[in-house]
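**Student:** Got a structure here, written out as structure tokens. Questions coming.
Rule-based calculations on the coordinates, nothing more; no lab input. Because the structure is a prediction, the values reported are computed rather than measured. We place every Cβ from the backbone using ideal geometry, glycine too, and count neighbours over all the protein chains shown.
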Amino acid sequence: MGWREKILKRSLWVYHLATGPCNNCDIEILDLLTPRHDVERFGIKLVGSVRHADVLLVTGIVNRKCVPRVLRIYEQMPAPKLVIAVGACPMGGCVFKGSYNQAGPLDKIIPVDLYIPGCPPKPEAIIAGIAKLLEKLK
Amino acid sequence: MAKAVIPIGPYHPLQEEPEHFLLTVEGEKVVDVEVHIGYNHRGIEKLAEHKSWQQVTFLVARICGICSTSHPIAYCNAVENLCRVEIPERAKYIRTLVGELERIHSHLLWLGLAGHFLGYNTVWMWVWKWREPVLDIFEALTGNRNHYDMLLPGGVRRDLNEEYFPWVRKELGELKKNLEMLSKAILDDPVIISRLKGIGVLTPEDVKNYGAVGPTARASGVKIDVRKDDPYAAYDLIQWEVATCENGDLLDKVVVRILEIFESIKMVEECMDALEKVKGEVMATIKEVPPGEGIGRHEAPRGETFHYVRSDGGSSPIRHKVRAPTYVNLPTCKATLPGSQLADAIIILASIDPCYCCTERVAVVSDKKKEYLTQEDLIKLSWEKTEKLRRKYGK
Amino acid sequence: MKEIKERLGDKLLKIYEHTPNRIYLDIKREDLKEVVEYFFLDRNLRFVTASGIDGRKEMEILYHFSEDSTGKIYSLRVKVPKDDLKIDSLTSLIKGAEFIEREIFEMLGIEFTGHPNLTRLLLAEDWPEGIYPLRRDEKGIRDLKERNWEKKNG
């Protein structure tokens, strides 16, 4: 384990990117910050700029208008980069599969480290997913 | 003074949906705004043409996660209008109950975010804490926290378990108490009042010109509400009032929504009373969908949702048109934003409760020199104004 | 109802009442502005939206107006022949029509004469010209998808 990964697993700063979702995963992500789930106690924090982030949290089917923005945001992110796909949409498109505006599953565009399935995943599931990712880093 | 263009968007860490605004400013004053949307376009109208009548219900539920029962209600109304079918009475009450619970959770969500934009993070945390029991109620009654998928053309998919009703009443009673406390606290605070009063006024003329709907229109004194005007489900079977205000500024938009939450709690309780008496089927059978056209509407938390379907007698719609309330409410920012201060821009954009706006970064372009403000800076700008006012009022 | 018939006279081609609250009126393309003026200004109805439909023979646009005092929806049906896809824009009358006209323009390729800013609303900037997703006979979408895959993989 390099020193970067060692520091990384202490507290993750997360940047949230919506690429054509239905809002629901996004609300559940916001819900994580509020008193019942309160992920800030683990040091996890949503940040305003991708340049500060360790983790890119992506929701949505990745629509055509978003593709150049997703690529650009991924490039702007400092290494080591972790990408989490939240919900069924970035994995295969959920009910929107086959739409003319779907640019494809997220992993065809940028590499993905963790998939959290569900429509939408419960906040507990998102926390469990992130905990598993931290395990993997060890 | 030199004009500058400030792009807000398309990405923002706190809002759900990406949207892109270009604000033209002169100093601190906003003079023009341009809206770009489409970062969320999923081609649902085309997809609906390849799904069966039943499947479309689940597709439209996923148009928006916050109004995930509004679109199905409007769609089912449209199909039932097309087939001229009347749904069973018990199903009507269940639809109303789910629809009103959704309004409570959606308005609470907005109230919390509005508090965050004003620099009152306590409001955000409190309100979202109180929102959790509403989601628990959903989970107990429908099986899901979000995306309840309760509806099908002809009725509802499953019956409610009445054992939960006493507990639901208790939770809603507590929510009511908390909200009364919060609304007094909000309306007593001189800082919040001066941040909201007289800002971002939407006149009744603009409501008509832009066709604005929902709380955005009702805050300006335009009393339109599909639930009253064109009743469907059980809205003509229970007693309730339409909440309106007069000034059309941000304060009234907050007040209207708080009043609506109280009204909705009352309606949910009435529906539960009725459901304990009215028994029977929850599905009417629709054997086939005849050729023709149907229009269905529902008053979603944000305003009127409109669905148009056309059938050729086959197994799926040949055209399905959806108009969400934000589609007509969003352009109203062209009327409300110009003339306001930059620090107020974020709360004005948020005031229509769009299924949402905003920023990844904000670039202030002036005199060819590029200076980048992050989205956080913009929120900070809003917070600083609150701080200034706080000092002024000695709080 | 009678009032509408008297006022519009022979401009009305057909009236169809599906249920008491859902009324469909067929009008000619040339009369659109005049009829909308009557509904929007004189009768003071709220403009809900417009639906663009690709009927098999011609394009149709339905303008939906809501009468909130009675709960009625009047839908004005205008037919646009496929070899001449042009219609008057309503933006000078109704500001809220700007978005929906842009959407119909990009989805069906109907041109609105007199629209101040007839550009794309929803589709991506690199969406190729001349592919209209909501047209019934649109073949271009499938090719588009494959092209895009190759680019992303390569």
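**Student:** Under a point spin-label approximation (7 Å from Cα along Cα-to-Cβ), what is the C:LYS28-B:ALA140 distance to one decimal in nm?
**Tutor:** 6.4
**Student:** Assuming R0 = 45 Å, can you tell me the calculated FRET efficiency for the pair B:MET181 and B:LYS29, based on Cβ-Cβ distance, to the nearest 0.05?
**Tutor:** Rounded to the nearest 0.05, the efficiency is 0.75.
**Student:** In a GNM of chain A with a 10 Å cut-off on Cα contacts, which of A:PRO121, A:PRO21, A:PRO68 has the highest mean-square fluctuation?
**Tutor:** Comparing A:PRO121, A:PRO21, A:PRO68 in the GNM, the peak value goes to A:PRO68.
**Student:** Once Lys and Arg get +1 and Asp and Glu get -1 on their Cβ, which of B:PHE138, C:LEU90, A:ALA79 lies farthest toward the positive end of the dipole of the protein assembly as shown?
**Tutor:** Comparing the listed Cα positions along the dipole, A:ALA79 ranks first.
**Student:** Using R₀ = 41 Å, calculate the FRET efficiency as 1/(1 + (r/R₀)^6) where r is the Cβ-Cβ separation of B:GLU384 and A:LYS81; round to 0.05.
**Tutor:** Efficiency, rounded to the nearest 0.05: 0.80.
**Student:** A follow-up question, please. For chain C, set up a GNM with springs between Cα atoms under 10 Å and report which of C:SER69, C:SER92, C:SER51 has the largest fluctuation.
**Tutor:** C:SER69
**Student:** Can you pull out the GluC sites (Glu not before Pro) in the stretch B:169-259 that DSSP calls coil and that have at most 16 other Cβ atoms within 10 Å?
**Tutor:** B:GLU241, B:GLU246
**Student:** Extending each Cα 7 Å along its Cβ direction at B:ALA2 and B:GLU174, get the distance between those two points in nm, one decimal.
**Tutor:** 5.7
**Student:** Answer with one residue from A:TYR115, B:LEU47, A:ASN63: the one whose Cα lies farthest towards the positive end of the charge dipole of the protein assembly as shown, charges on Cβ with Lys, Arg +1 and Asp, Glu -1.
**Tutor:** Toward the positive end, the furthest listed residue is A:TYR115.
**Student:** Hey, got the dipole for chain B? About the Cα centre, +1 on K and R Cβ, -1 on D and E Cβ, debye to the nearest 20?
**Tutor:** 660
**Student:** Please tell me the relative contact order of the stretch A:3-137 in percent, rounded to the nearest whole number, where contacts are Cα pairs under 8 Å and at least six residues apart.
**Tutor:** 27
**Student:** Another question, if that's okay. Return the ratio Rg/(2.2 N^0.38 Å) for the stretch A:3-137, where Rg is computed over Cα atoms only.
**Tutor:** Compared with the compact-globule rule of thumb, the stretch A:3-137 sits at 0.99.
**Student:** Still on this structure: Can you tell which of B:LEU97, B:HIS36, B:ILE63 lies farthest toward the positive end of the dipole of the stretch B:25-108, using +1 and -1 charges on the Cβ of basic and acidic side chains (Lys, Arg; Asp, Glu)?
**Tutor:** B:LEU97
**Student:** Using only Cα atoms, what Kirkwood radius does the stretch C:1-76 have, in angstroms?
**Tutor:** After inverting the mean inverse Cα-Cα distance, the result is 12.8 Å.
**Student:** Only helices at least 18 Å long along their axis, Cα-based, and averaging -0.5 or more on Kyte-Doolittle count here, so list those DSSP H runs from chain A.
**Tutor:** Working: long enough: A:123-137 (22 Å, 0.90).
The qualifying helices are A:123-137.
**Student:** Search the structure for amide H atoms under 5 Å from the amide H of B:GLY38, placed 1.01 Å from N in the peptide plane, and list their residues when 5 or more places away or on another chain.
**Tutor:** none
**Student:** Let me ask something else about it. Starting from the amide H of B:GLY143, placed 1.01 Å from N in the peptide plane, find each other amide H under 5 Å away whose residue is 5 or more places distant or on another chain.
**Tutor:** Those qualifying (amide H under 5 Å, at least 5 residues apart or on another chain) number zero.
**Student:** When you look at the Cβ of every residue in C:86-99, what mean number of other chain Cβ atoms sits within 10 Å?
**Tutor:** Per-residue shielding by partner chains comes out at 3.
**Student:** Take every residue in peptide A:89-102, count the Cβ atoms of other chains within 10 Å of its Cβ, and give the average of those counts.
**Tutor:** Other-chain Cβ atoms within 10 Å of each residue's Cβ, averaged: 5.
**Student:** Pairs of Cα atoms under 8 Å, at least six residues apart: use those to get the relative contact order of chain C, whole percent.
**Tutor:** About 16 percent, as a whole number.
**Student:** Using the Cα centre as the reference, give the magnitude of the dipole from point charges on the C-beta atoms of the protein assembly as shown (Lys, Arg: +1; Asp, Glu: -1; all else neutral), rounded to the nearest 20 debye.
**Tutor:** 1560
**Student:** Mind listing the Cα extents of the protein assembly as shown along all three principal axes, in Å, largest one first?
**Tutor:** Computed over the Cα atoms, the extents are 79, 60, 52 Å.
**Student:** Still on this structure, I have one more. What residue among B:ILE347, B:ILE238, B:ILE199 has the largest mean-square fluctuation in a Gaussian network model of chain B, using Cα springs under 10 Å?
**Tutor:** B:ILE238
**Student:** Is there a quick way to get the dipole size of the stretch B:39-139? I mean about its Cα centre, with the Cβ of Lys and Arg at +1 and of Asp and Glu at -1; what is the value in debye to the nearest 20? Please list the in-between numbers first.
**Tutor:** On the way: 11 positive and 10 negative charges, 34 e Å.
Here the size comes out at about 160 debye.
**Student:** I've got another one for you. Skipping prolines and chain starts, which residues have an amide H placed within reach, meaning under 5 Å, of the one on B:LEU152, given they are 5 or more residues away or on another chain?
**Tutor:** B:ARG157
**Student:** What relative contact order, as a whole-number percentage, does chain B give when Cα pairs under 8 Å and 6 or more residues apart are counted?
**Tutor:** This gives 29 percent for chain B.
**Student:** Compute the FRET efficiency between C:LYS14 and B:ASP312 as 1/(1 + (r/R0)^6), taking r as their Cβ-Cβ distance and R0 = 30 Å, and round to the nearest 0.05.
**Tutor:** The computed FRET efficiency comes out at 0.95.
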